[in-house]
Amino acid sequence: MTFPSFEVPTVRAFLSLGSNLGDRQAHLRRAVDQLRAGSRPAVTAVSRVYETDPVGGPDDQGAFLNLVVELAVPEPCDPYRLLAECHRLEAAAGRVRSVRWGPRTLDVDIIWIDGLALDDPDLTIPHPRWRERRFVLAPLSELAPDLVSDDDIEVAGGEARVVGMV
């Protein structure tokens, strides 16, 4: 006798996490741990950590640590629920929004969700600048080589060097 499968279909979603204030490594580790602690969406992979120069914003801010997290998001996907989770992680890290692209304890952006394109004032998917930023492409290429080519990384702005794992 065969029993029906009760697995919920999922799609891949990728979040970019960055920090350049306080204990950068700890902010990233805590956010990944919080994502792993939840039952949905499930964390399926985490890239290595990259150190990168800030892109945009004030000139006097320090370097970022960045990584990308892959999630298995249940279908149908509610991107606004995922956005709320991003904001919750940022708030838990004490993020204060005062200067656009300024220093921050934690920045969490939805980069990509398979099969979803969205463009409204609150949320754009794929992220509108994801292909321009090496700090996104380098870690994303580890988890989704189907989305990022070596040529994409070469022409993207900024530098990124591997500094460890979370």
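FYI, it's all coordinate maths here, none of it is from the lab. Since we're looking at a predicted model, the values are computed, not measured. Because the Cβ atoms are built from the backbone with ideal geometry, glycine has one as well, and the counts that use them run over all protein chains shown.
Using the basic label-point model (7 angstrom from Cα toward the beta carbon), what is the A72 to T124 distance in nanometres?
3.2 nm
Given Cβ point charges of +1 (Lys, Arg) and -1 (Asp, Glu) and nothing else, what value in debye, to the nearest 20, does the dipole of the chain about its Cα centre take? Display every interim value, and only then the final one.
Values: 18 positive and 26 negative charges, 133 e Å.
Computed about the Cα centre, the dipole is about 640 debye.
Sort out for me the Cα centre separation of the stretch 117-154 from the stretch 22-53, rounded to whole Å.
The distance from the Cα centre of the stretch 117-154 to that of the stretch 22-53 comes to 18 Å.
Any idea what angle helix 134-143 forms with the longest principal axis of the chain, computed on alpha-carbon atoms, 0 to 90 degrees, nearest 10?
30 degrees
Around A42, what is the net charge, scoring Lys/Arg as +1 and Asp/Glu as -1 over all other residues with Cβ under 12 Å from its Cβ? It would help to have the intermediate numbers written out before the result.
On the way: positive: R12, R36, R40; negative: E7, E70.
Every neighbour counted, the sum reads +1.
Identify which of D151, D23, D114 has the largest mean-square fluctuation in a Gaussian network model of the chain, with springs joining Cα atoms closer than 10 Å.
D151
What range in the chain is the longest one free of trypsin sites (Lys or Arg not before Pro) that are in a loop by DSSP and have at most 12 other Cβ atoms within 10 angstrom? Each step should come with its number before you reach the end.
On the way: sites that count: R97, R100.
In short, 1-96.
Once volume of the Cα convex hull per residue in Å³ is worked out from the coordinates, which option in (1) 107; (2) 128; (3) 138 does it equal?
The calculated read-out lines up with (2).
What share of the DSSP beta bridges in the chain is antiparallel, in percent to the nearest 5?
Numbers: 29 of 30 bridges.
Looking only at bridges with both residues in the chain, the antiparallel portion is about 95 percent.
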